[in-house]
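Chemist: Mind having a look at this structure? Questions to follow.
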């Protein structure tokens, strides 16, 4: 009785098992269903990511040129300044007195020279009338020349004193943003005091980064017929991960290669405009700051046409990357490929695949080398060509 019951249950359940094929199978013994796409060329912006730093194109360390007490500071720290703006006033009285003394020395030398000219003129007149001697003329001429030199020296000393007086007003030599002051009012400053403050230019900015020499040569060869480095643009990713909205341009390649890293320094120029509606009383706000650490992306001005497939079509093993290609007889073949610049969604195939070939994208786990499949167009998905 028990054996009969078990036999009946097995017979009743067997058709149910046979009626439930594995998901994705067309039926027992049928080729597995797969989704395929046609490998096509599409534009892709090739980029190289490198760590770099922002540098101000102009950077001036402001120092004192004379020794004096600091009387006034006339700028707000962190503010924008213009060329010629007065930054510091030093004590002027000692230098004004020195200028006045030198002016007196010049006046004295001029008076003595005028007297020497008169003496020389009289000696020459007497010599012409045979009432004087040549010795007197020569002596008067020598005295005049000596006083000429003394007047020239006095004027030079006056000029130097005037320069020193002018140095008591320290002005900005460039347009830019000024930093903190290192010396406060009432202190004595001198050329040995060091940097009083620093001014940096803010727009445009330099972005400086090292790059492998091999990569430089690849870029040069690739874009030689498209304008060389002019065909390469620079984009920046800020420290917070945000892409900077301005595009830069390469303008300098260093002449030396770092021997320890085999890299060469490249520099680009990138705009750094004021952020709209963000300026305060302390000055305008700009995105890029001097010495800021950024990620540099080198991209072609015009996207390259590459043979591309969805990233999901790429499989890998110890031998490298491969895809499954379906031929006209619906047979899947494993094809080794070499990838180029790719994105998380799209893979650029540099070698191993031809345009128009059918590549398996969906159901790829069911494909086997040299085995039959049932291909159908893959469902559209983001990033698929």
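Chemist: For the chain, with a Gaussian network of springs between Cα atoms less than 10 Å apart, report the residue from 119, 192, 269 with the top mean-square fluctuation.
Modeler: 119
Chemist: Also, quick follow-up: Would you please give the FRET efficiency between residue 231 and residue 327, computed as 1/(1 + (r/R0)^6) with r the Cβ-Cβ distance and R0 = 41 Å, to the nearest 0.05? Numbers along the way, then the final one.
Modeler: Numbers: r = 39 Å, r/R0 = 0.95.
The formula returns an efficiency of 0.55 here.
Chemist: Apply 1/(1 + (r/R0)^6) to the Cβ-Cβ distance of residue 142 and residue 108, taking R0 = 25 Å, and write down the FRET efficiency to the nearest 0.05. Intermediate results must be reported in sequence, preceding the final value.
Modeler: On the way: r = 19 Å, r/R0 = 0.78.
The value I calculate is 0.80.
Chemist: Can you tell me how much longer the chain between residue 40 and residue 159 gets when fully stretched, taken as 0.36 nm per residue apart minus their C-alpha distance, in nm with one decimal?
Modeler: Fully extending the segment from residue 40 to residue 159 adds 35.1 nm.
Chemist: Starting from the Kirkwood Rh over alpha-carbon pairs, what translational D in µm² s⁻¹ does segment 155-249 have by Stokes-Einstein at 25 °C and 0.890 mPa s?
Modeler: 131
Chemist: By how many nm would the segment from residue 222 to residue 252 grow when fully extended, if each residue of separation counts as 0.36 nm and the alpha-carbon distance is taken off?
Modeler: Value of the extension gain: 9.0 nm.
Chemist: Full extension from residue 131 to residue 212: what is 0.36 nm times the residue separation minus their Cα-Cα distance, to one decimal in nm?
Modeler: Length gained between residue 131 and residue 212: 20.1 nm.
Chemist: Which percent, nearest 5, of DSSP beta bridges in the chain are antiparallel?
Modeler: Just about 95 percent of them are antiparallel.
Chemist: List the relative contact order of the chain as a percent without decimals, with contacts defined as Cα pairs under 8 Å and 6+ residues apart.
Modeler: Answer for the chain is 26 percent.
Chemist: Going from the alpha-carbon gyration tensor of the chain, what semi-axes, largest first and in whole Å, does one get by taking the root of 5 times each eigenvalue? Kindly include the intermediate steps, with their values, before the conclusion.
Modeler: On the way: eigenvalues 1570, 140, 42 Å².
Each semi-axis is √(5λ); the values are 89, 27, 15 Å.
Values quoted throughout were computed directly from the atomic coordinates according to the rules given, and no laboratory measurement underlies them. Given the structure is predicted, the values throughout are model-derived calculations rather than measurements. Cβ atoms come from the backbone with ideal geometry, glycine included; neighbour counts cover every protein chain shown.
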